[in-house]
Amino acid sequence: MPPVKTFPKAFGLIGTLFLTTSVAHAQTDGGRAARAALQRLGVPERQVSVSIQPSATARYRVRVDHDRLSVAASSPVAAVRGIAETLRSQGRLSVSWEGRRIGAMTGLTSGDSGWIASPFGFRAYLNTCTYGYTTPWWTWPRWEREIDDMAVRGVDMPLAMEGQDYVWRKLWREQGLSEAQLAQHFSGPAFLPWQRMGNIEGYRAPLPQGWIDKKHDLQKRILARMRDLGMTPILPAFAGYVPKAFAEAHPKARIYRMRSWEGFEGTYWLDPSDPLFAPLAKRFVELYAAEYGAGSYYLADAFNEMVPPIAEDGSDTAHASYGDATANTPALDAATKAAALPRDVRDARLAAYGQRLYASIAAAAPQATWVMQGWLFGADKKFWTPDAIAAFLRDVPDDRMLILDIGNDRYPGIWKTTKGFAGKNWIYGYVHNYGGSNPVYGAPDFYRRDVAALFTDPARGNVRGFGMFPEGLHSNSLVYDYAYDVAWPGGEMGLGPWLGRYTAARYGRSDPAMVAAWRDVIAGAYDVRYWTPRWWNERAGAYLFFKRPAADAPTYPAEPGDRAKLRAGIAAMLKLAPAYGASPLFRYDLVDLTRHAASLSLDDHVKAAVAAYQKGDVATGDRETARIRTLALAIDHLIGGQQESLASWIADARAYGDTPAEKIAYEQNAKAQVTIWGGRGHLGDYASKAWAGMYADYYLPRWTRYLAEARAAASGRRPVDDAGFTRGLLEWEKAWVADPRSHRASKPADPVAEARALMTETAR
C-alpha cells in the first residue's frame, strides 16, 4: 500500500481529540451523501464508488481504473475533496463562485493516490459578517451550491449563522417582550450580524416575521446537508447582549450600556455575573437545540470591537445598571479606565467574564466547546494586551475552547505574542475579504510560506485547524482555491505548477504562455496581503473612485502591487484570447482583471481632475472629467455580464419580500448596505462593490457633483467647501437609497473586444 501523504513531520497529525466528533457526524450512508454532492457537481454517479472509514484525521485515497473512481475517506467531505482534487489534477473539474466547468469523464488517467491526510483537524470557513455582506437574500439552491463548494475545498467546520433570529424571537417572547418591542429590536436583514454581535440594535427595523420564518426553514436544510456531509457546523450562543426593552424592564440587573459603535446608539450587555445571565444563556442553547438539533461547537463573541466594561464594579448594582455604567464616556474611554485599574483587579474581572461565558454554554451542552473569533485581539490592541488576553482565557478549560484566529493577513502574530493563546485550541487563518468589496488581491505564495512557517514554530501551541474567514464572497476564487490547497498535502506545490493545473481545469486547457500570463497577473495584482487603500483618511472604499469625494483626492496613495506587470499579464491573456475565448471562465477572468486595471486608471484621472481644478486649470480639469465619465461608463458596461450587479443584488432582495412594503424595505436595506451602511461613523462605502450599476449610477454621479463644484470653485478662484459639500452629498446618498427607480445590467456582446478596447483606452 502506498504511504500516507502528509506535510513534513513537524506539522504533526491531530490525535484522538477529534475522533469522537468525526465519528459522531459520520452518517450511516455517508457514501450516499458524497455521491449525491458529486453528482450535483456534474460527476456521473455511476462512475463513482465511495467508502466512508471514520478516522481521527481527515484523509482520503482515490483509485482511478478504466474511468471509474473509487474513494475511501474519513468523511463524506473528504471523499468529495478527494474525487474533486483527482479530477481537477486531470483538468476535468473546476468549481468556483464564477461558475463550474466539468470536462469529459472518459480517458481518465489510471492510478492510486495513496492515503492523503490533512495535518489539520478542521478546515474552517465563513465569518459572522458574511451573513450580512453576502448571504441575506440566499435561498436553498444557492446555499446548496455553496455547501457543495465547501466540500470540494475540504471545508468541514463552517460557521452556520442563519436561522438564529427565530430562536432569539422565542427567547425574548418568553421574557415578556411584546411584538412592538421586538419590532424595534431586530435590525434589517443585511445588518443582522452586527445586531447579533452587540454593535447595533434596531437599525432599519422592523425585521419582518416572514423573513425570520424563511430563514428558520432554510437553516434546517443547511444544517441537515452539512451534517449529512460530515461537517461540524459552528452554531450561535448567547454572549450577553440584550434588547433595550429587556434592560429597561430589569433596572437592577448588572446591564451595561456599551460604547457607541461607529456612531450607532449604544447597546446593552448583561454581565455574566448577574443571576439573569446563566438561565438566559442556557435557555437559548436549549431552544436552539430543540429547533435545529444539538451542536458541539458554539460561537459567542461578547466583545466584537467593543471594549469589556471591566472598569465598572459589578458588585454594586446601583452603579452597574445600564443607565449608570457605560463602557464609553466622553471624559474617559473604556481602555483608559481599564488601564487605571490594578492589574490583579482587571485580570480577575476578565477571567470571570471568560469563565462564565464558557460555563453558560456548558450548562446546556456539557460536552460543547466555546468558540470565539480572535479578531478583537488585533482590532483593539490597546486594550487586549497579551496579559489581558491570557487573563480572559485563563479559567476556561483548554480543550473546551476554540479560538478562530482569523486576522493573520491584517493583524499577524497575535498567536505568537500570546504563546499560542495560552494553551487553548485554536484555528489559524485569514479574513482576506472585507465588506464583500472586490478589488483583485490576495497573496497565494504568502499563504503557502506563512502556514509552513507556522508549523515550524514551537510557540504555535494547540493549533487545530486552518480557515478562510471572508466577510464577503464572490471575489477572487483563485485565492481560496490556493489557500485551501495549503491545508492538504500538495500545499507545498510552487505557484507555477499549481497555475498550470488550475488553468487547465478552469479553461479546459493550458500552456506555458497562459501560466506566464497568470504569473504576471499574480505578481501585478494578487500578490498583496491586505488592500491598504480601502481605508484611507477615515474613508472606506476599495478605490478612490468608490470613496466620498473630497479635496484630498490628489494625495491618494498608489495602489499596492505592480501595475505594469498586471497590464502585461492582461495583454498576454488578450493575445491568447483566440485560443481560449470560447471558455466562459476565461472571459470572466479577463473581464474581472481588466475591470481592476481600468479602475486603477480611473483613480488616476480622478486625482488629476481634482488637482487641475485646485490649480485653477479648468481646461485640464474638464478633459480629465470627460475621461472619468468615459471610463466609468465603459467599465460599467464591460462588467454587466459578471455574476453580480447592483440590479441582481436588488432583485434578490426584493424576491425575499412577500408584500409590496417588504419588497421596498428589503430593496432599501440592500442598497444601504453597499453604499451608506449606517451610523455616524466611517462605514459609508465600507462594502463598496465593483458592480455594474454602481459605477454608472452611484459612484459616477457623486464624483460628477464634486467635480462640478470644483470647477465652479476654480472659476471663482475659491476653494471647495468640502464640509458643506459632504453634508449635501449625505442627503443625496440617503435619497438615492430611497429612490425606487430600477437599475439594469446589460451583458456585453463581445467582452473580449471590450476588454481590449478598455486596456487600449487606459494606456493613453
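What to note about this one:
- Of the helices (runs of 4 or more DSSP H) lying entirely inside the range 1-114, those containing at least 3 residues that are at pLDDT below 80 are 19-25.
- Going through (1) of a type outside the set (D, E); (2) open to solvent by 30 Å² or more (accessible area, probe 1.4 Å); (3) closer than 18 Å to G91 by Cα; (4) in contact (Cβ under 8 Å) with a residue 60 or more places away in the chain one by one, A505 falls short only on (2).
- Within the range 728-747, considering residues that are hydrophobic (A, V, I, L, M, F, W, C) and within 24 Å of I635 (Cα to Cα), the one most open to solvent (accessible area, probe 1.4 Å): W732
- Top-ranked residue in the range 713-727 [being surrounded by 13 or more Cβ atoms within 10 Å (Cβ to Cβ) and out of contact with any Gly (no Cβ under 8 Å at 6 or more places or on another chain); ranked as nearest to Y434 (Cα to Cα)]: T726
- Test: residue in the range 360-378 that is crowded, with 23+ Cβ neighbours inside 10 Å and on the phi > 0 side of the Ramachandran plot: no
- When each of A598, A608 is tested for being open to solvent by 30 Å² or more (accessible area, probe 1.4 Å), part of a helix (DSSP H, G or I) and at pLDDT 95 or above, the lone residue that passes is A608.
- Top-ranked residue of the range 700-734 - restricted to ones that are assigned to a loop (DSSP other than H, G, I, E, B) and of a type in the set (D, E, K, R), ranked as farthest from the chain's Cα centre (by Cα): R717
- A single member of Q367, Q355 is farther than 27 Å from Y484 by Cβ and assigned to a helix (DSSP H, G or I), and it is Q355.
- Selection count, the range 509-518, where residues are in contact with a Ser or Thr (Cβ under 6 Å, 6 or more places away or on another chain) and either at pLDDT below 95 or not in a helix (DSSP H, G or I) (or both): 1
- For beta carbons closer than 8 Å, sequence separation of 6+ or different chains, a first residue in the range 596-607 that is under 20 Å from I639 (Cα atoms) and among the hydroxyl-bearing types (S, T, Y) and a second that is open to solvent by 10 Å² or more (accessible area, probe 1.4 Å) and part of a helix (DSSP H, G or I), the qualifying pairs are S601/T762.
- Tally of residues being assigned to a loop (DSSP other than H, G, I, E, B) and touching a Lys or Arg at 6+ places or on another chain (Cβ under 9 Å) across the range 115-124: 4
- Residue check, G467 more than 30 Å from K547 (Cβ to Cβ) and in contact (Cβ under 8 Å) with a residue 24 or more places away in the chain: yes
- Cβ separations smaller than 6 Å between residues 6+ apart or across chains give the following pairs from the range 525-544 residues that are open to solvent by 10 Å² or more (accessible area, probe 1.4 Å) to residues that are of a type in the set (D, E): R529/D409; Y530/D409; N537/D552.
- Restricted to helices (runs of 4 or more DSSP H) entirely inside the range 136-185, those with at least 2 residues that are open to solvent by less than 10 Å² (accessible area, probe 1.4 Å) and more than 22 Å from S118 (Cα to Cα) are 164-174.
The values are calculated or read from the model by the stated rules, or taken from the named source; none is laboratory data. None of the values given here were measured: they were computed from a predicted structure. Counting neighbours? That spans all protein chains shown, and the Cβs are built from the backbone with ideal geometry, glycine included. Side chains included, ligands, DNA and RNA excluded: accessible areas come from the protein's heavy atoms. Shrake-Rupley method; radii C 1.70, N 1.55, O 1.52, S 1.80 Å.
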